Amino acid sequence: MDMNTKSLSMIMAAMVFCVSCDNNTCLRMRKYLEGIKVIDTHEHQRQPGEFHFYRHLSYFHADVQTAGAPANIDSMIKITPHVDSLWRVYGEYINDGRATSYYDEWIRGFQLCYGLDKPYLSREDVSHLSLQMEEKYKNYPAWFNECFSRFNFQIMFLDPYWNQFNVAIDTVHFALVFRIDSAITGVVNAATTREITTPSLLNLLNKKEAIDVSSLDRYLEVMDTVLKIFVRHRVVCLKNALAYHRSISFSDVDNSTAEKIYASGIISETAKKQLEDFMFHWFIKKSIQYHLPVQIHTGYLAGLNGKLDDSHPMQLLPLIRQYPEACFVLFHGGYPWTGDFIVLGKEFPNVMLDMVWLCQLSRTAAIRTLHEILDAVPYNKICWGGDVTYIEQAVGSLSLAREVVATVLAERIEKGWLTEEVARDIGRKIFRENAIRIYRLEEKYGIKK
């Protein structure tokens, strides 16, 4: 990166946060936070496919859709591929979402990475940005690395939900997460078919033919082998995002009951839940054995029309009580049930609180929630993650999170609730040091506080 680009980046960074950080205390805190090498505890970063600007709306796509825009962007791209033409379809709805936090995260990435010098996008801006992005995406790995370094990431935890049994990741930029959803739900198919045929799982186990799982014990043996492979590849945690498919209430199903259901091969909806519940308890016990935190999606669901009542954080209370030796990391502020999210972190030593995605969902909710966390919970339990797909979105997410944290810390300093020294310690803990401790990153990746 040449000096002109670097200077522009610094100017744009100042412009982005000055909108909210409008006093010297907040500016000092923001500058301090920008100097912290960030441990990003949750990402879905992946190599892009065929580039088109409108495939890069990030979470803001949901706001555009709920405003009334056509739902299937890929279909619209096939019909009207030119960005100017698509602005005529989507521009009105994009403009109607300019006040949302999704929009804020989205545009910050363009401001910081590409030098956009406006608070909102116009049709002309989209055309220009599209050309800039397309050029950078010709060598996306180099562009990713440039932005990763420029905006002070040290490592990102990678949750490859699209290939949950993959361990072959870029360990320069990423730490491995084991997304256990497929392993949990796979027990139902195994009980019915008595074999495992999932290609990615067969590949992980170096098998070319279906694996016999004629009993529940045999399925557990396979999963134990899978987990050991992940441990050898320095997995940092397990991740449960089953809230997208079912309730996060997991009953304690005993081994005998699970074995009988599996052996019957007749899986009703009730039996399906029982088998999945059994498997999650099995994974929690393994997480204790291997000292792996368990990240759990709580609260709001990405997209539209989700079954939100399935993801209330209080549904996890029996699990949290049952396994005091496990480490549960609750995600997303439990939004909109942020108070319940907070009291679980206050009440239980084995519960950590991750503000991942909360700043994008609602900046004001994130500010309020962080204030309440600091009122109620020791700050060695708070982490942050970006939870996005491409590097510009990660940069925008980090910028928004830094603004939220700087705003909260500055307000507490000016009220006399914190000294600036303690506020800086809180910032270091949230963006770096807590994750290093909770996920044992010094032991696994040589990352020190």
- prompt: Would you pick out the residues in region 266-280 that are small (Gly, Ala, Ser) and either part of a helix (DSSP H, G or I) or surrounded by 12 or more Cβ atoms within 10 Å (Cβ to Cβ) (or both)?
  reply: 271
message: Every residue in region 402-449 that is among the β-branched types (Val, Ile, Thr) and either within 25 Å of residue 293 (Cβ to Cβ) or surrounded by fewer than 17 Cβ atoms within 10 Å (Cβ to Cβ) (or both), please.
response: 404, 405, 408, 419, 422, 426, 430, 436, 438, 447
statement: Restricting region 102-155 to residues that are of a type in the set (Gly, Ala, Ser) and either assigned by TED's automatic domain parsing to the domain that holds residue 431 or part of a helix (DSSP H, G or I) (or both), the one nearest to residue 173 (Cα to Cα) turns out to be 149
field: Condition check for residue 98: touching a Leu at 6+ places or on another chain (Cβ under 9 Å) and either in the same structural domain as residue 277 (by TED's automatic domain parsing) or surrounded by 19 or more Cβ atoms within 10 Å (Cβ to Cβ) (or both)
entry: no
field: Which listed residue, of 238, 304, 205, 292, is assigned by TED's automatic domain parsing to the domain that holds residue 384 and either charged (D, E, K, R) or modelled with pLDDT under 95 (or both)
entry: 304
message: Report every pair of residues separated by at least 6 positions or lying on different chains whose Cβ atoms are under 9 Å apart, first residue within region 245-260 and closer than 30 Å to residue 300 by Cα, second part of a helix (DSSP H, G or I) and modelled with pLDDT under 95.
response: 247/309
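Let's see how each residue does on (1) touching a helix residue (DSSP H, G or I) at 6+ places or on another chain (Cβ under 9 Å); (2) basic (Lys, Arg); (3) farther than 18 Å from residue 266 by Cα:
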| position | (1), (2), (3) |
| --- | --- |
| 169 | no, no, yes |
| 172 | yes, no, yes |
| 182 | yes, no, yes |
| 186 | yes, no, no |
| 189 | no, no, no |
| 192 | no, no, no |
| 200 | yes, no, yes |
| 203 | no, no, yes |
| 208 | yes, yes, yes |
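A quick yes/no check of all residues on (1) modelled with pLDDT under 95; (2) in a helix (DSSP H, G or I); (3) surrounded by fewer than 17 Cβ atoms within 10 Å (Cβ to Cβ); (4) more than 19 Å from the chain's Cα centre (by Cα):
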residue: 342; (1), (2), (3), (4): no, yes, no, no
residue: 349; (1), (2), (3), (4): no, no, yes, yes
residue: 353; (1), (2), (3), (4): no, no, no, no
residue: 356; (1), (2), (3), (4): no, no, no, no
residue: 359; (1), (2), (3), (4): no, yes, no, no
residue: 366; (1), (2), (3), (4): no, yes, no, no
residue: 371; (1), (2), (3), (4): no, yes, yes, yes
residue: 375; (1), (2), (3), (4): no, yes, yes, yes
residue: 380; (1), (2), (3), (4): no, yes, yes, yes
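The values are calculated or read from the model by the stated rules, or taken from the named source; none is laboratory data. Just so it is clear, the structure is predicted and the values come from calculations on it, not from any experiment. Every residue, glycine as well, gets a Cβ built from its backbone with ideal geometry; the counts of neighbours run over all protein chains shown.
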